[in-house]
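The values are calculated or read from the model by the stated rules, or taken from the named source; none is laboratory data. Treat the numbers as computed from the prediction; the structure is a model and nothing was measured. Glycine gets a Cβ as well: all are built from the backbone with ideal geometry, and neighbour counts include every protein chain shown. Heavy atoms of the whole protein, side chains included, go into the accessibility calculation; ligands, DNA and RNA do not. Shrake-Rupley method; radii C 1.70, N 1.55, O 1.52, S 1.80 Å.
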Amino acid sequence: QVQLVESGGGLVHPVGSLRLSCAASGIIGSINVMGWYRQAPGKVREYVAHIISGGSTNYADSVKGRFTISRDKNTVYLQMNSLKPEDTAVYYCSAVHGIRYWGKGTLVTVSS
């Protein structure tokens, strides 16, 4: 059974940093695409970033220059710097390996 488990969320002050991690289990071989989405209170889930197995990355305009996605085998990371209150959301890990899998999410709260 495929599982994605996120960690690293929490409360941080504006302009602070957090690093999210997502470990995939139950998958044989390298996952083609891993990424992050987020859902703020009262809003739809939105794309944040993704990284493919070859290392290419892509980011939403709203996080470009502040967030960095990376991976080590089937674990993906999201380094978030210069956080803003509008980054407050539940962050979900996603993996595409034939079909799309989702983690349960980790809450990031940016507040003073």
* **Subset of segment 44-74 (residues that are among the hydroxyl-bearing types (Ser, Thr, Tyr), surrounded by 12 or more Cβ atoms within 10 Å (Cβ to Cβ) and at pLDDT 95 or above)** => Tyr47, Thr57, Tyr59, Ser62, Thr68, Ser70
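Report whether or not Gly10 is at pLDDT 95 or above, at positive phi and open to solvent by less than 30 Å² (accessible area, probe 1.4 Å).
yes
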* Asked: In segment 75-112, what residues are part of a loop (DSSP other than H, G, I, E, B), open to solvent by 60 Å² or more (accessible area, probe 1.4 Å) and closer than 22 Å to Gln1 by Cα?
  -> Gly98, Lys104
* Could you check, for segment 26-43, whether at least one of its residues is of a type in the set (Gly, Ala, Ser), open to solvent by 30 Å² or more (accessible area, probe 1.4 Å) and within 12 Å of Leu4 (Cβ to Cβ)? => yes
* Given the conditions (1) touching a Ser or Thr at 6+ places or on another chain (Cβ under 7 Å); (2) among the small types (Gly, Ala, Ser); (3) closer than 18 Å to Leu107 by Cβ, report the number of the one that Gly42 does not fulfil. => (1)
* What number of residues within segment 91-112 satisfy the criterion of being free of Cβ contacts under 8 Å to residues at least 60 places away in the same chain and among the hydrophobic types (A, V, I, L, M, F, W, C)? -> 1
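Could you please let me know if Ile69 is within 13 Å of the chain's Cα centre (by Cα), without any contact (Cβ under 8 Å) to a residue 40 or more places away in the chain and closer than 26 Å to Gly26 by Cβ?
It is true that Ile69 is within 13 Å of the chain's Cα centre (by Cα), without any contact (Cβ under 8 Å) to a residue 40 or more places away in the chain and closer than 26 Å to Gly26 by Cβ.
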